[in-house]
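Just below is one structure, and these are the notes that go with it.
All of the numbers you see were taken from the coordinates with simple rules; none came from a lab. Just so you know, these numbers come straight off a predicted model, no measurement behind them. Quick reminder, even Gly has a Cβ in these numbers, built from the backbone with ideal geometry, and neighbours come from all protein chains shown.
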Amino acid sequence: MSAVLGSVLAVIRVLVVDDDPMVRLLLRSILRPDDIEVVAEAADGDEVVTAVQAHHPDVVLMDLRMPRMDGIRATAAVRALPSAPGVIAMTSFDTESAILDAVHAGASGFLAKDSGPDEIVTAVRSVASGDGALSPRAARTVMAQLSEDSGGQQRREARQQLLLLTDREAEVAGFVAEGLSNGEIAQRTFLSEATVKTHLSRATAKLGVTNRVQLALVVDRAATSGR
């Protein structure tokens, strides 16, 4: 995040991606708090990587349905970049397949386009801080996927993955799966937030996932699949 000179306020830099100029204008009008700045816009998925490299946003608000490159492929491309920003997927069609595709592509958040202004602002702040931001429907869809585990194969694979973690990394991962923020995990473990972020970064790297939502999926599969 970019610090504001002469102030303790940190500004969250946002890239808005949508093929509809009216939607981009609406999101700009919503993202007006002092701690949020829309630094750039993109009209299609194939413009996103260039825009991220040019403007270095902290968060990308990503439409999923665009004519040349859809938001799923664009999200995966963004998350593959070094120091990738968090991505919040937004769509008018919050189907189960769209939600799961977005999460698997690396999105840290998922919102319907009819979400209220406060919900959108809260999601941007949450993802910028390293937390997730799933709408209630998206959260239910992700949890429902955990119950679909033929023969317990996903549970066994997830448990094998978690063996790669140190005790502290596994502890932090468990708290992430409970929905705790980095600050709350720091309080529970008596660690600094910076140390929590370090353990979280190492855990995601070892498990081959890109964000805390995917990390939580692995932990939940290990604990709940096959019940």
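Only one residue of Thr198, Ala89, Ala170 has its Cα farthest out toward the positive end of the dipole of the chain, where Lys and Arg carry +1 and Asp and Glu -1 on Cβ, and that residue is Ala170.
Going by C-beta contacts inside 10 Å, put Leu164, Leu64 in order with the fewest on the left. Please report the intermediate quantities before stating the final value.
On the way: Leu164 14, Leu64 28.
Exposure proxy ranking, most exposed first: Leu164, Leu64.
Cβ-to-Cβ counts within 10 Å put Asp58, Asp44 in ascending order as Asp44, Asp58, the fewest first. A straight chain from Ala80 to Phe190 at 0.36 nm per residue would run longer than the Cα-Cα distance by 36.4 nm. Listed values for the range 82-93 are Karplus-derived 3J(HN,Hα) couplings in whole Hz (6.51 cos²θ - 1.76 cosθ + 1.60, θ = phi - 60°), namely x, 6, 5, x, x, 10, 10, 7, 10, 7, 7, 10, and x replaces Gly and Pro.
Taking the Cβ of each residue in Ser92, Ser126 as the centre, tally the other Cβ atoms inside 10 Å and list the residues starting with the fewest.
With the fewest neighbours first, Ser92, Ser126 line up as Ser92, Ser126.
Compute the relative contact order of the chain as a whole-number percentage, counting only Cα pairs closer than 8 Å that sit 6 or more residues apart in sequence. The value is 15 percent. At an R0 of 35 angstrom, the distance between the Cβ atoms of Ser201 and Leu26 translates into a FRET efficiency of 0.55. Sort the range 149-224 into rounded, prolate or oblate with this rule: let a ≥ b ≥ c be the square roots of the eigenvalues of the Cα gyration tensor; rounded if a/c is under 1.5, and if a/c is not under 1.5, prolate when a/b is larger than b/c, oblate otherwise. Prolate is the answer for the range 149-224, as a/c is 1.5 or above and a/b outweighs b/c.
Charged side chains reduced to their Cβ positions (Lys and Arg at +1, Asp and Glu at -1) give the range 2-143 a dipole of some 180 debye around its Cα centre.
Taking amide H atoms as placed 1.01 Å from N in the peptide plane, the amide H of Ala42 lies under 5 Å from those of Val16, Val17, Asp18, each 5 or more residues away in sequence or on another chain. The charge dipole of the range 149-224, taken about its Cα centre with unit charges on the Cβ of Lys, Arg, Asp and Glu (plus for the first two, minus for the last two), comes to roughly 180 debye. Here is how the number arises for the chain: DSSP H runs of 4 or more residues each give -39500 (n - 2.57), the sum is divided by the residue count, and the result at 222 nm is -15500 deg cm²/dmol.
Were the residues from Met69 through Asp167 laid out at 0.36 nm apart, the gain over their Cα-Cα distance would be 31.2 nm. Farthest toward the positive end of the dipole of the chain, out of Gly106, Val23, Val52, is the Cα of Gly106, where the dipole comes from beta carbon charges about the Cα centre.
Put a dot 7 Å past the Cα of Asp118, heading toward its Cβ, do the same for Thr50, and the two dots end up 4.0 nm apart.
Tell me, which longest segment in the chain has none of the GluC sites (Glu not before Pro) that fall in DSSP loops with at most 15 further Cβ atoms within 10 Å?
On the way: sites that count: Glu148, Glu178.
Here the longest segment lacking exposed loop sites spans 1-147.
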